[in-house]
Amino acid sequence: MKYDFSAVEGKWQKRWEDAGIFNAADNSDKPKFYGLVEFPYPSGVGMHVGHIKAYSGIEVIGRKRRMEGYNVLFPIGFDAFGLPTETSAIKTGIHPRELTDRNINKFSSQLRRVGFAFDWNRVVDTTEEDYYKWTQYIFLKMFEKGLVFRNTALVNYCPTCKVVLSNEDSQGGKCDICKSDIVQKSKDVWYLRITEYADKLLEELDNLDYLPNIKLQQVNWIGKSRGAFVNFGISGVEDSLRVYTTRPDTLFGVTFMVVAPEHPMIDKYADKITNMDAVLAYREECSKKTEFERTQLVKDKTGVCLEGIKGVNPVTGKEIPIYIADYVMMGYGTGAIMAVPAHDERDYDFAKKFGIDIIEVIKGGDISKEAYAGDGEMVNSGFLDGFTNKKDSIAKMIEYLTEKGVGEGGVQYKMKDWAFNRQRYWGEPIPIVHCPECGIVPVPYEELPLRLPAVNEFAPGEGGESPLAKIDSFVNCKCPRCGGDAKRETDTMPQWAGSSWYFLRYIDPHNSKSLADMDKLKYWLPVDWYNGGMEHVTRHLIYSRFWHRFLYDIGEVPTKEPYAKRTAQGLILGPDGEKMSKSRGNVVDPNDVVDVYGADVLRVYILFMGDYGSAAPWSDNSVKGCKRFLDRVADLPSMVSKDAPAKLESSFHKTIKKVTSDIEEMKFNTAIAAMMGLLNEIGEAGALTAEQLETFLLLLCPFAPHLCEELWEQTGHSGFCSMAKWPEYDEAKTVDATVELAVQINGKVKGKITLPINSDKDAAIAAVKADEKLAALLEGKTIVKEIVVPNKIVNIVVR
RNA sequence: GCGGGUAUGGCGGAAUUGGCAGACGCGCAAGAUUUAGGAUCUUGUGUUAAUUCGUGCAGGUUCGACCCCUGUUACCCGCACCA
């Protein structure tokens with residue numbers, strides 16, 4: 001029988017909301033469960049099936065937990081500041097505020113249509129004053145603690161978006177938003193000192209239940225390396241050139257040094273360098289290259305020797321040439337390296353091209369052919385000769401350098417400080433005033449929120465300055481410290497700011513005195529389970545852990561870490577197996593599916609299509625299969641009978657057990673498969689008891705809640721199925737009285753025997769010999785070995 | 001280049017982690033119902049002449065391997081001249 005899902009689904013969504021059954025209670029004796037999903041960016045195009053998949057996992061888990069008696073917090077909100085809305089505003093002339101409100105309304109109604117069990121009383125919108133007031137508050141706290149600094153630096157700049165991007169936003173040399181090539185530009189930039197938290201973020205990872213690949217990505221992103229700083233002398237002057245190396249023990253093999261094109265020592269010693277023209281020309285050439293060109297053209301090494309000055313090896317006292325080359329980056333280490341061509345591939349290539357000596361200091365390779373990066377005995381290395389263990393030789397050299405005062409051990413991180421400003425309108429204004437007398441002055445806390453001025457012009461200036469710079473009433477202000485004329489900072493925060501703490505605001509979304517009440521934070525934190533996309537594992541997840549840890553350090557939150565557990569869903573690919581995109585025209589709109597099949601079918605299909613963590617292509621036909629499943633479930637009430645066959649009972653207990661554990665492991669596909677299998681068994685049996693139907697509805701409810709509520713009511717229940725008690729199983733009833741064992745002869749399955757459960761070896765062998773067919777196969781053979789795994793298999797080895 | 005992952009019927013995917021490969025769904029075929037189509041229901045469906053062969057490919061360990069080991073190929077995802 002088909003049921004009229006459009007009427008049914010709307011009816012139950014309204015009842016849930018009227019009864020407020022999904023609203024979390026702040027004061028409850030029940031155990032708590034805080035399930036979190038990444039809140040969406042409310043774009044104009046509306047929701048994507050990927051959103052549904054991302055939310056469905058925690059949705060099902062949260063619904064199950066609620067039925068198990070937990071006080072569940074499952075909130076939703078909108079990460080609404082950002083470029084796409086601003087771009088759209090510039091195009092259409094509609095204010096970003098107006099567009100954001102429209103988009104949020106659209107998303108909200110779409111989310112409601114799918115029947116997610118969100119607590120709609122706690123919706124957070126990062127662009128509301130009540131919210132960004134606290135984003136600004138956290139920024140000021142960081143400023144106060146010295147974690148905010150300003151620096152002139154070469155930054156990643158997108159010429160199309162006219163905006164400065166963090167390294168995280170410009171991966172691969174492409175703008176994260178518009179995909180055009182990034183150029184390097186010198187700018188004044190606000191930074192957050194995230195590197196100061198690198199170790200803390202790294203250390204706590206051990207105590208967190210994140211998927212292993214997620215942890216690994218974070219570790220790689222932070223990129224901690226141990227090594228040493230070494231100060232090389234510079235010939236003829238009382239100065240040194242500092243380098244970072246992970247292999248200080250190869251110091252005897254250093255035959256040249258390389259500095260990055262932007263390295264300040266070049267300007268410092270401009271009068272000593274005799275070929276300054278060539279050096280400057282090279283530098284000019286490098287600055288024209290995009291980051292992309294510079295990192296992709298790996299093979300061909302270029303560079304210029306600095307004539308007139310030499311480096312002095314602090315261990316050997318030998319003079320060596322210094323080169324400027326773009327394979328050395330200013331942004332990592334000290335921007336200068338000691339080159340050991342015998343044992344570093346890049347240095348090797350460079351030495352070969354420029355005809356520089358190559359000295360072997362580690363035995364084991366053939367340095368006439370290529371660099372040897374492996375381990376081996378140290379040679380040509382003075383006091384290190386004969387060392388065979390890398391750890392020992394490095395420790396010895398660091399000891400030596402420290403003693404001589406020419407270096408020391410140290411660590412480096414690949415992660416860089418977080419470039420924290422954008423020349424944009426639609427973002428949180430940075431609460432800073434520039435005073436000609438006092439310098440950089442923070443806006444006082446009591447003046448927060450520092451509101452975005454209402455304007456009608458959102459396009460950035462040609463010079464790449466923020467649209468806010470054009471608004472005199474905003475820019476001109478009094479200095480909070482001296483009261484004199486001053487100017488406001490006109491840049492805004494990056495998109496990642498608001499999403500770095502939103503999970504805290506859900507706990508107490510309307511608090512006007514603090515970002516959230518401490519007692520409530522203590523009750524709800526940490527987030528028990530956070531699910532989201534793999535694409536946010538290195539950026540958002542690192543940023544928000546950083547902010548949270550900072551708030552912990554200043555006593556604003558009670559836990560070191562925000563998220564106890566983190567998982568990630570796989571992509572939904574288009575029907576063609578390719579990533580969904582407008583340009584490919586393979587995008588599936590969830591609304592179309594809800595229109596035709598209903599929300600329950602959409603939900604069940606998305607979780608049934610494959611392993612939750614893996615990518616899987618969309619298939620319209622498989623959606624129909626889920627539709628059939630639910631239609632058959634809708635027929636179950638007509639099959640209720642007192643004379644249901646007894647054998648169904650153990651199938652029910654098995655299914656309860658399987659669905660219960662599969663949901664916890666996010667194996668939703670096999671949980672649904674188990675229910676389909678049970679339904680097939682019920683179909684064969686032709687009847688089921690009223691209690692069995694009840695159990696079935698409860699198991700299916702987290703996946704297809706509308707249908708289950710409807711049938712729950714139809715079968716005479718009062719109250720909500722969604723609030724009823726999750727079924728329990730009896731372990732004893734999940735096992736059958738008899739089991740079938742496969743019988744192998746020489747490892748090949750030749751037949752089957754049926755035995756009482758837990759029968760021993762003798763019984764199994766006896767049963768095999770009593771089986772006519774199997775006995776015939778053993779006739780005249782010598783039995784070498786008999787292996788019996790109880791309840792599983794018998795294997796008889798014969799000759 | 002480095003790191004991680006994946007590879008199973010025509011398709012999406014299962015497999016209690018070393019014990020009957022292919023659960024469940026799609027598709028397909030036959031039948032029922034229908035004026036017909038659609039929808040629905042029933043049965044069948046890895047492959048083979050076979051008691052055969054079969055989890056990307058080549059070996060190995062084991063009574064027994066999709067699972068463990070060695071080598072290899074293809075694809076996917078991260079990072080990428082990180083000193």
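Bear in mind that the values in this text are calculations on the coordinates, not laboratory data. The structure presented is a predicted model; accordingly, all values stated were derived computationally and were not measured. All Cβ positions, glycine included, derive from the backbone under ideal geometry; neighbour counts span all protein chains shown.
Suppose a student asked you for the relative contact order of segment A:707-799, using Cα pairs under 8 Å spaced at least 6 residues apart; what percent would you report?
26 percent
Hey, got a sec? Which trypsin sites (Lys or Arg not before Pro) in segment A:632-721 land in a DSSP loop and have at most 16 other Cβ atoms within 10 Å?
A:LYS642, A:LYS647
Between the helical axis of A:540-553 and the dominant principal axis of chain A, each derived from Cα atoms, what acute angle in degrees is found, rounded to the nearest 10?
So the inclination is approximately 80 degrees.
Please compute the Kirkwood hydrodynamic radius over segment A:730-799, one decimal place, Å, based on all pairs of different Cα atoms.
By the Kirkwood definition, the hydrodynamic radius is 12.4 Å.
Count neighbours as other Cβ atoms within 10 Å of each site's Cβ, and list the trypsin sites (Lys or Arg not before Pro) in segment A:581-624 that are DSSP loop with at most 10 such neighbours.
A:LYS582
Mind checking which aspartates and glutamates have their C-alpha under 15 Å from A:LYS579, skipping anything on the same chain fewer than 8 residues away?
Once the sequence-local aspartates and glutamates are set aside, what remains near A:LYS579 is A:GLU535, A:ASP589.
What's the long-distance tail for segment A:15-103, i.e. % of Cα pairs beyond 15 Å?
Everything past 15 Å amounts to 67 percent.
Hey, what angle do you get for helix A:620-634 against the long axis of chain A, alpha-carbon based, 0 to 90 degrees rounded to 10?
Once rounded, the angle reads 40 degrees.
Note the direction-averaged projected area, equal to a quarter of the hull surface, for the Cα convex hull of segment A:1-155, in nm².
So the Cα hull casts an average projection of 14.3 nm².
Within the set A:LYS133/A:LYS478; A:LYS565/A:LYS667; A:LYS657/A:LYS761; A:LYS761/A:LYS781; A:LYS310/A:LYS363; A:LYS733/A:LYS769, which residue pairs have Cα atoms separated by over 22 Å?
Over 22 Å Cα-Cα: A:LYS657/A:LYS761; A:LYS310/A:LYS363; A:LYS733/A:LYS769.
Arranged by the count of other C-beta atoms within 10 angstrom, fewest first, what order do A:THR567, A:THR152 take?
Least crowded to most crowded, the residues run A:THR152, A:THR567.
Along each of its three principal axes, how wide is the spread of alpha-carbon positions in segment A:91-214, in whole angstrom units, largest first?
So the three principal-axis extents are 47, 46, 34 Å.
Counting Lys and Arg as +1 and Asp and Glu as -1, what is the net charge of the other residues whose Cβ lies under 12 Å from the Cβ of A:GLU86?
Summing Lys and Arg as +1 and Asp and Glu as -1 gives +4.
Please return the longest stretch of chain A lacking exposed loop sites, where GluC sites (Glu not before Pro) count only if DSSP places them in a loop and at most 13 other Cβ atoms lie within 10 Å.
By the stated rule (loop sites, at most 13 other Cβ atoms within 10 Å), A:1-237.
State, in angstrom, two size descriptors of segment A:602-700 derived from its alpha carbons: Rg to one decimal place and Dmax to the nearest whole number.
14.0, 44
Averaging over every viewing direction, what projected area does the convex hull of the Cα atoms of chain A cover, in nm²?
45.8 nm²
Averaging over every viewing direction, what projected area does the convex hull of the Cα atoms of segment A:671-743 cover, in nm²?
Taking the Cα atoms of segment A:671-743, their convex hull projects to 6.4 nm² on average.
I'd like the distance separating the alpha-carbon centroids of segment A:1-37 and segment A:593-664, in whole Å.
20 Å
From the helices alone, meaning DSSP H stretches of at least four residues, give me the mean residue ellipticity at 222 nm for chain A, per-run term -39500 (n - 2.57), in deg cm²/dmol to the nearest 500.
-10500 deg cm²/dmol
Any idea how far apart A:ASN220 and A:SER718 come out in nm if each label point goes 7 Å out from Cα toward Cβ?
5.9 nm
Give the order of A:ASP347, A:ASP366, A:ASP181 when sorted by the count of other beta carbons within 10 angstrom, beginning with the fewest.
Final ranking by Cβ density, sparse to dense: A:ASP366, A:ASP181, A:ASP347.
Could you work out the relative contact order of segment A:371-517, using alpha carbon pairs under 8 angstrom and six or more residues apart, expressed as a whole percent?
Relative contact order comes out at 21 percent.
Can you list the aspartates and glutamates whose alpha carbon sits under 13 Å from that of A:LYS391, skipping same-chain ones fewer than 8 residues off?
By straight Cα distance, A:LYS391 reaches A:ASP249, A:ASP375, A:GLU377, A:GLU399.
Compute log10 of I(q)/I(0) for segment A:457-535 with the Debye formula, placing one identical point scatterer on every Cα and leaving out solvent, at q = 0.25, 0.27 Å⁻¹, to two decimals.
Evaluating at q = 0.25, 0.27 Å⁻¹ gives log10 I(q)/I(0) of -1.12, -1.22.
Tell me whether segment A:545-630 comes out rounded, prolate or oblate; compute the Cα gyration tensor, take square roots of the eigenvalues as a ≥ b ≥ c, and use a/c under 1.5 as the rounded threshold.
Prolate is the answer for segment A:545-630, as a/c is 1.5 or above and a/b outweighs b/c.
For A:ILE320, what is the net charge nearby, where nearby means another residue's Cβ is under 10 Å from its Cβ and Lys, Arg count +1, Asp, Glu -1?
0
Assuming R0 = 56 Å, what is the FRET efficiency of A:SER6 and A:SER186, from their Cβ-Cβ distance, to the nearest 0.05?
Calculated value: 0.40.
For A:LYS272, list the aspartates and glutamates whose Cα falls under 19 Å from its own Cα; do not include residues on the same chain fewer than 8 positions away.
A:GLU238, A:ASP239, A:GLU262, A:GLU307, A:GLU319
Could you compute the net charge surrounding A:CYS435? Neighbours are other residues with a C-beta less than 10 Å from the C-beta of A:CYS435; K and R count +1, D and E count -1.
+1
Mind checking which of A:MET580, A:VAL739, A:GLY46 is farthest towards the positive end of chain A's charge dipole, using Cβ charges of +1 (Lys, Arg) and -1 (Asp, Glu) about the Cα centre?
A:VAL739
Can you list the trypsin sites (Lys or Arg not before Pro) in segment A:347-398 that are in a DSSP coil and have 13 or fewer other beta carbons within 10 angstrom?
The qualifying sites are A:LYS369.
What is the spin-label model distance, in nm, from A:GLU345 to A:ALA742 if the labels are put 7 Å beyond Cα along the C-beta direction?
Using points 7 Å along Cα→Cβ, the separation is 4.5 nm.
Can you tell me, using C-alpha contacts under 8 Å and at least 6 residues apart, the relative contact order of chain A as a whole percent?
14 percent
Give me Rg/Rg_expected for segment A:492-538, where Rg uses Cα atoms only and Rg_expected = 2.2 N^0.38 Å with N residues.
Normalised by 2.2 N^0.38 Å, the Cα Rg of segment A:492-538 equals 1.33.
Taking R0 as 41 Å, what's the FRET efficiency between A:ARG799 and A:ASN758 from their Cβ-Cβ distance, rounded to 0.05?
That pair, A:ARG799 with A:ASN758, gives E of 0.85.
Rounding to the nearest 10 and keeping the result within 0 to 90°, find how far the Cα-based axis of helix A:96-114 lies from the longest principal axis of chain A.
Value to nearest ten degrees: 30.
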